[in-house]
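One structure is given below, encoded as structure tokens.
The values are calculated or read from the model by the stated rules, or taken from the named source; none is laboratory data. Quantities reported herein were computed from a predicted structural model and do not represent experimental measurements. For neighbour counting, all protein chains shown are included, and Cβ atoms are generated from backbone atoms with ideal geometry for every residue, glycine included. For accessibility, only protein heavy atoms count, side chains too; no ligands or nucleic acids. Shrake-Rupley method; radii C 1.70, N 1.55, O 1.52, S 1.80 Å.
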Amino acid sequence: MHCSGDQHYYESRLKQEHAHMICLQCGRVDEFFGDPLKKLRQRIESHFGFQVVNVRIEVGGYCSNCQRLRSSEIRPGPGDTLETKT
Ligand SMILES: [Zn+2]
Ligand SMILES: [Zn+2]
């Protein structure tokens, strides 16, 4: 048995591009798989002539759970208007 605590040890088996969506609030890590990542790889290879061996993408943000928590915490300030400059 191998118990190194590496939660991503299985990834070498998947060998598939995926992005990590990391919640800045609770630290939850979700994985995103899909064609856009394959296309990104292909674009880099064709555009830059760069041979991509692995792709590592990390996206920071808030998971749906934390979004709900945040929206209940954050109250819009009274008279707080956004000014847009041209
Ligand atoms: Zn992963
Ligand atoms: Zn979260």
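When you go through Q16, Q42, Q51, Q25 one by one, which is the residue that is outside any strand (DSSP E or B), within 16 Å of ligand 2 (Cβ to nearest atom) and open to solvent by 70 Å² or more (accessible area, probe 1.4 Å)? Every option except Q25 fails the conditions. Looking across Q42, Q7, one residue alone is at pLDDT 85 or above and on the phi < 0 side of the Ramachandran plot. It is Q42.
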